Amino acid sequence: MPRLSQWYIKLSFGYLLLGFTFGALLLAHKGRPLHPSLWNWLPAHIEWLLIGWLAQLTLGVAFWILPRFWKQPRRGNPRGAVAALVLLNAGIWLVTLAAAL
């Protein structure tokens, strides 16, 4: 498995853990109010699970499996995939920053 796919998948599971943690807090907040501003984190929770986990895991596995060439280099130029990784995570953290403010 290429190193870039490993980064995609590791980051996606980090977002899964983060999304499940905040999802549990939001669910517990429905039963017993914890803090009034906890609902401001709902967009970040959705972003972490849909984009951070699901889309990033899909991109990582797709980079690993799909673009196979018969000759070297086997995957072509990975600069676009690296840029996608950086920009995707920057967008996720911008949504997180907006939820924190």
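The values are calculated or read from the model by the stated rules, or taken from the named source; none is laboratory data. Computed from a predicted structure; not experimentally measured. When we count neighbours, we look across all protein chains shown, and the Cβ atoms used for this are built from the backbone with ideal geometry, even at glycine. Keep in mind that these areas ignore ligands, DNA and RNA; they rest on the heavy atoms of the full protein, side chains included. Shrake-Rupley method; radii C 1.70, N 1.55, O 1.52, S 1.80 Å.
Exactly one of these conditions fails for residue 86: (1) of a type in the set (Val, Ile, Thr); (2) touching a residue at least 24 places away in the same chain (Cβ under 8 Å); (3) within 25 Å of residue 2 (Cα to Cα). Give me its number.
Unmet for residue 86, out of (1) of a type in the set (Val, Ile, Thr); (2) touching a residue at least 24 places away in the same chain (Cβ under 8 Å); (3) within 25 Å of residue 2 (Cα to Cα): (2).
Those residues that are open to solvent by 60 Å² or more (accessible area, probe 1.4 Å), in a helix (DSSP H, G or I) and not polar (S, T, N, Q), I need them from segment 25-40; list them, please.
Those that are open to solvent by 60 Å² or more (accessible area, probe 1.4 Å), in a helix (DSSP H, G or I) and not polar (S, T, N, Q): 25, 27, 30, 31, 36, 39.
Exactly one of (1) modelled with pLDDT under 95; (2) surrounded by 10 or more Cβ atoms within 10 Å (Cβ to Cβ) is unmet by residue 68. Its number?
Only one criterion in (1) modelled with pLDDT under 95; (2) surrounded by 10 or more Cβ atoms within 10 Å (Cβ to Cβ) is unmet by residue 68, namely (2).
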